Amino acid sequence: MTVDTLAAEAPLDTPDLTGPVTAAAPAATSADTGTAEPAPVAEKPKKAPAKKAAGKKTKTIELTLTVTGTADGEWRAELKQGSTYLARDLAVAAAAVSRAAKELHEDLSTPIDEVIEEARAQQAAKVAALEAELEAARKALAELD
């Protein structure tokens with residue numbers, strides 16, 4: 001029968017991770033004397049704690065664009081920044097108002113186009129009434145001859 005006997009192993013030397021970590025540098029040799037000089041011991045830089053990225057605050061600019069229209073199809077615009085008018089009482093074409101609204105958002109363009117279409121219908125009725133009046137005036141003029 002054979003019995004294996006194990007020799008007692010020496011405990012492993014584990015580094016202490018709770019304190020500051022230092023690294024020993026090899027000794028430097030001086031060129032003048034040829035003797036070894038101890039090199040300064042450098043500490044490893046400690047990691048800074050992770051910082052949360054600060055949310056960017058964007059600067060907002062508030063502009064107020066007011067577009068008003070009449071039943072006759074005349075449109076006016078004004079632009080304000082805060083309480084200061086940047087532009088006032090500018091004549092704007094109905095087609096330009098419609099295009100701008102379509103570019104901005106469909107929810108804006110639909111009601112604006114309805115208002116423009118109503119104004120167009122009113123103007124067409126006005127033109128028809130004026131043409132009828134003009135025709136009546138021409139007939140009256142022709143009867144006077």
- Message: Whether any residue in segment 108-115 is of a type in the set (A, V, I, L, M, F, W, C) and within 17 Å of Thr70 (Cα to Cα) is what I want to check.
- Response: yes
- Query: Does Gln81 qualify as being polar (S, T, N, Q), out of contact with any Lys or Arg (no Cβ under 8 Å at 6 or more places or on another chain), touching a residue at least 12 places away in the same chain (Cβ under 8 Å) and more than 26 Å from Thr60 (Cα to Cα)?
  - Reply: no
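In segment 70-87, which residue that is in a loop (DSSP other than H, G, I, E, B) and of a type in the set (D, E, K, R) is surrounded by the most Cβ atoms within 10 Å (Cβ to Cβ)?
If we filter segment 70-87 for residues that are in a loop (DSSP other than H, G, I, E, B), which is where we start, we get 70-74, 82-83.
Still in the list and also of a type in the set (D, E, K, R): 72, 74.
Numbers: Asp72: 10, Glu74: 13.
Looking at the filtered set, the residue picked out is Glu74.
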- Pairs only if they're at least six apart or on different chains, beta carbon under 7 angstrom, first in segment 99-116 and farther than 15 Å from Gly73 by Cβ and surrounded by 11 or more Cβ atoms within 10 Å (Cβ to Cβ), second among the charged types (D, E, K, R) and modelled with pLDDT of 90 or more; list them, first residue then second. Ser109/Lys102
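The values are calculated or read from the model by the stated rules, or taken from the named source; none is laboratory data. Only a predicted model underlies this, so the values are computations on that prediction, with no experimental measurement involved. Here Cβ is always computed from backbone atoms with ideal geometry, including for glycine, and neighbour counts include all displayed protein chains.
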